[in-house]
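A.B. asks: I'd like to ask you about the structure that follows.
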Amino acid sequence: MGQRRRKYARRVRLHFVCPPPLSPAGSSGYIFKGSAAPVNTPLESQRSWERQAEMNILDRLEKAGLLAMPGPVDDVLNTVVNNLIASGTLGIEARCRVLLTTPLETFSVGQTIVISRGLLDVLPDEASLATALAAELAHIALGQRNDTHFAFFDRTMLPDEELLNRLQLARPPEQIAAASEKTFAMLAQSPYQGQDGQRQPLPQGVSQPRPGVPQSDPCQPR
């Protein structure tokens, strides 16, 4: 009788299945290995589409020879933007690129602020530059993003001469009004407040476009 019980106990132990080991799953706790991967939240998916759209637009502008390669001027621009972010405690990230066109213009693509060479050439000092960049930084701070349909690569397959017009980077009036209020608030808290009479010349020159990339005519009307 005792021997029969021991055999039964061994069969029970042999058929016992241990749970699989745990693996970390980020901030959401732990999951079992082999289980389905965590699904992105709607917010994470939206941000992923926005990042992809931003990369596609910037890459297309580079290939058209409209964006300068990153260089010392970008470092100056990024320093100004970082000063605005820190003084305004915005808690965001942003970077700058230079557009190789002569019209005076700025726009933002995702978390990237694009400023034209023509505008850089006429800005007299760093405070004026901060004002121009703050207008686009306000859109980023307010979460006003571009159309995510540019996340599809084929949406940026446009002729070079039509590229800037067809990318539809203009903002609706209500976004412009909200960004204007945010711009004034950021500048009031920034180190550039009250520096209108203190001229600090901007660095001259701008980095050149990527070698081998065909050039678009910067003077062509848009």
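A.B. asks: Restricting attention to helices (runs of 4 or more DSSP H) lying wholly within the stretch 89-196, give those where 3 or more residues are at pLDDT below 95 and in contact with a Phe, Trp or Tyr (Cβ under 9 Å, 6 or more places away or on another chain). Step through it out loud before you land on a result.
C.D. replies: Details: elements: 117-122, 126-141, 163-166, 173-189.
Counting at least 3 such residues, we get 126-141.
A.B. asks: Pairs needed: first member in the stretch 48-67, more than 19 Å from Asp160 (Cβ to Cβ); second member anywhere, of a type in the set (Ser, Thr, Tyr); C-beta distance under 6 Å; at least 6 residues apart or different chains.
C.D. replies: Close Cβ pairs (under 6 Å, with a partner that is of a type in the set (Ser, Thr, Tyr)) amount to Trp49/Thr148; Glu50/Thr148; Ala53/Thr148.
A.B. asks: Can you pull out every residue in the stretch 130-146 that is among the small types (Gly, Ala, Ser) and either buried (at least 20 other Cβ atoms within 10 Å of the Cβ) or at negative phi (or both)?
C.D. replies: Within the stretch 130-146, Ala130, Ala132, Ala134, Ala135, Ala138, Ala141 qualify.
A.B. asks: Take the stretch 44-78 and flag every residue that is surrounded by 19 or more Cβ atoms within 10 Å (Cβ to Cβ), part of a helix (DSSP H, G or I) and modelled with pLDDT of 90 or more.
C.D. replies: Result: Val73, Leu77.
A.B. asks: Would you check if Ser128 is over 15 Å from the mean Cα position of the chain (by Cα) and polar (S, T, N, Q)?
C.D. replies: yes
A.B. asks: Which one is farthest from Ser116 (Cα to Cα), of the residues in the stretch 91-104 that are touching a residue at least 12 places away in the same chain (Cβ under 8 Å) and surrounded by fewer than 17 Cβ atoms within 10 Å (Cβ to Cβ)?
C.D. replies: Once the filter is applied, the top-ranked residue is Ile92.
The values are calculated or read from the model by the stated rules, or taken from the named source; none is laboratory data. Model, not experiment: these values are computed from the prediction. A quick note on method: Cβ atoms are made from the backbone with ideal geometry, for glycine too, and the neighbour counts reach across all protein chains shown.
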